[in-house]
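The values are calculated or read from the model by the stated rules, or taken from the named source; none is laboratory data. Worth saying up front: this structure is predicted, and the values here are computed from it rather than measured. Cβ atoms come from the backbone with ideal geometry, glycine included; neighbour counts cover every protein chain shown. Areas reflect the complete protein model, heavy atoms only, side chains present, ligands, DNA and RNA absent. Shrake-Rupley method; radii C 1.70, N 1.55, O 1.52, S 1.80 Å.
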Amino acid sequence: MNQPKHGGNLAWAATLAGCPPSSILDFSASISPLGPPPSVNAAILSHLGELRNYPDPSYSSLRSQLGQACSLPPEWILPGNGAAELLTWAGYSLSTLPTTFLLTPAFGDYRRCLQTFGATVVDCPLLGDEEGEFLGVDEATAKTPSGLDCLVPKLQQQKAPGGLLLNNPHNPTGQLFSKTEILPYLEQFALVVVDEAFMDFLPPGDQESLVTVIQDYPNLVILRSLTKFYSMPGLRLGYAIAHPDRLQRWQQWRDPWPVNILAAAAGEAVVQDIAFQEQTWAWLPPARSQLFEGLAGIPGLQPLPSAANFLLVRSHHSCSQLQRDLLTRHRILIRDCLSFPELGDAYFRVAVRLPEENQRLIAALADILS
């Protein structure tokens, strides 16, 4: 079985560890350990009788609920088969421009979708010095007031307005770019696509989302995921926020029923689940601090500050070997960073899980590295 490019490949991990997939403690996929919430199960059960019907191709009810959650009219929302499906159409739109600026290291699917449609990609490295520091990170907030300065030299060489694709918080570093930092670039690019897949993990008062300005910028597209925060990646559900004219074009390009009935029902339920949202916002900061401090206390490991539900860790040891040792000796799966060329074998990424699970990982790493 080939080495996975994404996290969460429990079949590969179980083969290596010699155990059932259910025995693996998975830190490789950045999914909340708190869910799925009961509202998901209730929504699925109540809609089982509708499996004999096709979904509503306009997804009117789901778009209405998502629109209410975003304080936007429903025509500004387009649900998709995970944010990954919508990224494909964003990639196609970006490929029509002379160039697309891509902040690196970058989530591997960004380059995949851009290359699929022949886009001309301009890499904009976010990496700082040779010690692996990233530009402008505040340890308390993980905000980076100067991180996007890496775009400036490339912009000066731009002959015609192109596209910009970035995510916020950034994957895999967990850095949070401020909204005020991003806004000026909306005037300099023909199309800006911001993947906010992990923004929900921040309480509303701490978020730096561009949703509040989307109606002012027809050249802005925001991608959101419902599967990470609500722990339902198997259902595949995300949504795009953009000008209705753009979303109508995307709707014409894609398959007529990308979101199944059960996923749509679950999506309608979770965006109204205030109790689960508040539970998640209460869980993450102390659990992330526990994991950060535990990792930082192990010689040879250097975790980076993060605003998301994962940590990027620099290691003085081979991370691919560390991944295998954790699997075979402790049945724990971490995410290697071999799919990020800028990071290679010097980094690994771990999701934040429950305190007792975080402690299990810390103890296992200390055991191996000692």
task = Within the stretch 353-364, count every residue that is out of contact with any His (no Cβ under 9 Å at 6 or more places or on another chain) and open to solvent by less than 10 Å² (accessible area, probe 1.4 Å).
result = 1
Sole exception among (1) open to solvent by less than 50 Å² (accessible area, probe 1.4 Å); (2) within 22 Å of the chain's Cα centre (by Cα) for residue 72, by number = (2)
ask   = Out of the residues in the stretch 177-213 that are of a type in the set (S, T, N, Q) and assigned to a helix (DSSP H, G or I), which is surrounded by the fewest Cβ atoms within 10 Å (Cβ to Cβ)?
value = 180
query = Is there a residue being of a type in the set (A, V, I, L, M), open to solvent by less than 20 Å² (accessible area, probe 1.4 Å), touching a His at 6+ places or on another chain (Cβ under 8 Å) and under 30 Å from residue 319 (Cβ atoms) anywhere in the stretch 5-18?
reply = no
request  = Considering only the stretch 60-87, state which residues are closer than 14 Å to residue 238 by Cα and out of contact with any Gly (no Cβ under 9 Å at 6 or more places or on another chain).
outcome  = 63, 67, 69, 70, 78
query = Of everything in the stretch 334-352 that's open to solvent by 40 Å² or more (accessible area, probe 1.4 Å) and touching a residue at least 40 places away in the same chain (Cβ under 8 Å), which residue is nearest to residue 125 (Cα to Cα)?
reply = 342
remark   = Pairs returned, first residue in the stretch 240-255 that is open to solvent by 60 Å² or more (accessible area, probe 1.4 Å), second residue that is hydrophobic (A, V, I, L, M, F, W, C), beta-carbon separation under 9 angstrom, 6 or more apart or interchain, are 248/78; 249/89; 253/89
Given (1) at pLDDT below 85; (2) over 17 Å from the mean Cα position of the chain (by Cα); (3) open to solvent by 20 Å² or more (accessible area, probe 1.4 Å), number of the condition residue 147 does not satisfy = (3)
note = Exactly one of 103, 86 is within 22 Å of residue 217 (Cβ to Cβ), touching a strand residue (DSSP E or B) at 6+ places or on another chain (Cβ under 7 Å), at pLDDT 95 or above and buried (at least 23 other Cβ atoms within 10 Å of the Cβ), and that residue is 86
message = Take the conditions hydroxyl-bearing (Ser, Thr, Tyr), open to solvent by 10 Å² or more (accessible area, probe 1.4 Å) and either more than 21 Å from the chain's Cα centre (by Cα) or under 14 Å from residue 263 (Cα atoms) (or both) and apply them to residue 58. Does it pass?
response = yes
ask   = Going by the structure shown, is residue 53 closer than 15 Å to residue 226 by Cβ, open to solvent by 20 Å² or more (accessible area, probe 1.4 Å) and not charged (D, E, K, R)?
value = no
query = Any idea which of (1) buried (at least 16 other Cβ atoms within 10 Å of the Cβ); (2) part of a loop (DSSP other than H, G, I, E, B) is the one residue 160 doesn't satisfy?
reply = (1)
